[in-house]
Amino acid sequence: MRNKIVAGNWKMNNNATQTKALINDLKASLHNIKTNCRVVIAPTSINLSLAVQETKDSVIEVSAQNMHQASNGAYTGEISADMLLDVGINTVILGHSERRTLFDESDELLAEKVNTALEKGLEIIFCFGESLNDRKLDNHFLEVGSQVKKSLFHLPEASWKNIILAYEPVWAIGTGETASPEQAQEMHAFIRQIVEKKYNKEVAENVSILYGGSVKPSNAVEIFSKEDVDGGLIGGASLNASDFTGIITAF
């Protein structure tokens, strides 16, 4: 049975004091609540070590938001997989739309990052999704399929045990717009279908596929009820302990 997961991408928000406070608020909010999913937070890199310490003995796991494809070297400002592992991080988000659009990360570069992360034993939350223009031109399946295939379909079957997929319609990130539960299900089913075609039914059925795009407590239950939606990659709502808990308890 594939994992249900609610992951919070904090992006470039919260200093150390705010990070500690939000984690404590989240721990208090989740106290005595039986969570039926994995709970993951992704603070900014400078606060990852603090977050690992603050989440000890809790249900909360900590992920990085990004990493460099090289093991080390003259890459000013970058962070390697070994650095993440050294502070207790075992999961990394790769391919987020903001990394693709703001920092020009290509499918080919992301394939390199995927390779490095897997070689080091990291679990990956791999993001992909179409723009509003792709959706309007009815190119959304083609675009999403291309992103997944170019960055992941070179992998051996065994690597997929460390892959979590996250579908993010770019037009629904931080805009207040949300793909309907039916649109989310349609795309998630398509993704699972192409994974099955490339590999096999077992791989396709075991990979968790998250939805990312303006998920809120008010719509989480309906979105998560869809057969192929296994949770969410949450942006703004994860910065509020009450809202994030409301999404977690949607399961």
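Quick notes
- Residue identified as among the hydrophobic types (A, V, I, L, M, F, W, C), more than 27 Å from SER238 (Cα to Cα) and not in a strand (DSSP E or B) among ALA158, ALA184, ALA117: ALA158
- Residue in region 48-59 that is under 14 Å from the mean Cα position of the chain (by Cα) and touching a residue at least 12 places away in the same chain (Cβ under 8 Å) present: no
- Qualifying residue in region 65-87 (condition: in contact with a strand residue (DSSP E or B) (Cβ under 6 Å, 6 or more places away or on another chain), under 25 Å from TYR167 (Cβ atoms) and surrounded by fewer than 23 Cβ atoms within 10 Å (Cβ to Cβ)): yes
- Scanning region 15-51 for residues being of a type in the set (A, V, I, L, M), touching a strand residue (DSSP E or B) at 6+ places or on another chain (Cβ under 9 Å) and within 12 Å of LEU239 (Cα to Cα) gives a total of 5.
- Only listed residue being without any contact (Cβ under 8 Å) to a residue 24 or more places away in the chain, more than 16 Å from ALA64 (Cβ to Cβ), charged (D, E, K, R) and assigned to a helix (DSSP H, G or I), chosen from GLU112, GLU108, GLU143: GLU143
- Which numbered condition GLU196 fails, given (1) closer than 16 Å to GLY129 by Cα; (2) in a helix (DSSP H, G or I): (1)
- Qualifying residue in region 27-35 (condition: buried (at least 21 other Cβ atoms within 10 Å of the Cβ) and not in a strand (DSSP E or B)): no
- Reported count of residues in region 140-163, each being within 26 Å of VAL6 (Cβ to Cβ) and touching an Asp or Glu at 6+ places or on another chain (Cβ under 7 Å), is 6.
- Boolean, ASP138 is at pLDDT below 95, among the acidic types (Asp, Glu) and farther than 25 Å from GLU54 by Cβ: yes
- Subset tally (residues that are out of contact with any Ser or Thr (no Cβ under 8 Å at 6 or more places or on another chain) and surrounded by 14 or more Cβ atoms within 10 Å (Cβ to Cβ)) for region 129-149: 14
- Among the conditions (1) closer than 20 Å to LEU233 by Cα; (2) surrounded by fewer than 16 Cβ atoms within 10 Å (Cβ to Cβ); (3) touching a Lys or Arg at 6+ places or on another chain (Cβ under 8 Å); (4) not hydrophobic (A, V, I, L, M, F, W, C), GLU108 misses just one, which is (1).
- All positions within region 67-99 that are in contact with a Leu (Cβ under 7 Å, 6 or more places away or on another chain) and on the phi > 0 side of the Ramachandran plot: GLY95
- Candidates in region 36-47 are the residues that are in a loop (DSSP other than H, G, I, E, B) and crowded, with 16+ Cβ neighbours inside 10 Å; of these, the one that is nearest to the chain's Cα centre (by Cα) is PRO43.
- The residues on offer are GLY212, GLY236, and the sole one that is closer than 20 Å to LEU152 by Cα and either surrounded by fewer than 20 Cβ atoms within 10 Å (Cβ to Cβ) or touching a strand residue (DSSP E or B) at 6+ places or on another chain (Cβ under 8 Å) (or both) is GLY212.
- Some residue of region 136-144 being within 19 Å of the chain's Cα centre (by Cα) and within 21 Å of LYS198 (Cα to Cα): yes
- Restricting region 91-105 to residues that are in contact with a helix residue (DSSP H, G or I) (Cβ under 8 Å, 6 or more places away or on another chain) and either assigned to a loop (DSSP other than H, G, I, E, B) or at pLDDT below 95 (or both), the residue that is nearest to ILE234 (Cα to Cα) is SER97.
The values are calculated or read from the model by the stated rules, or taken from the named source; none is laboratory data. As the structure is a prediction and not an experimental result, all values here were calculated from the model. Positions of Cβ are backbone-derived with ideal geometry, glycine not excepted, and every protein chain shown enters the neighbour counts.
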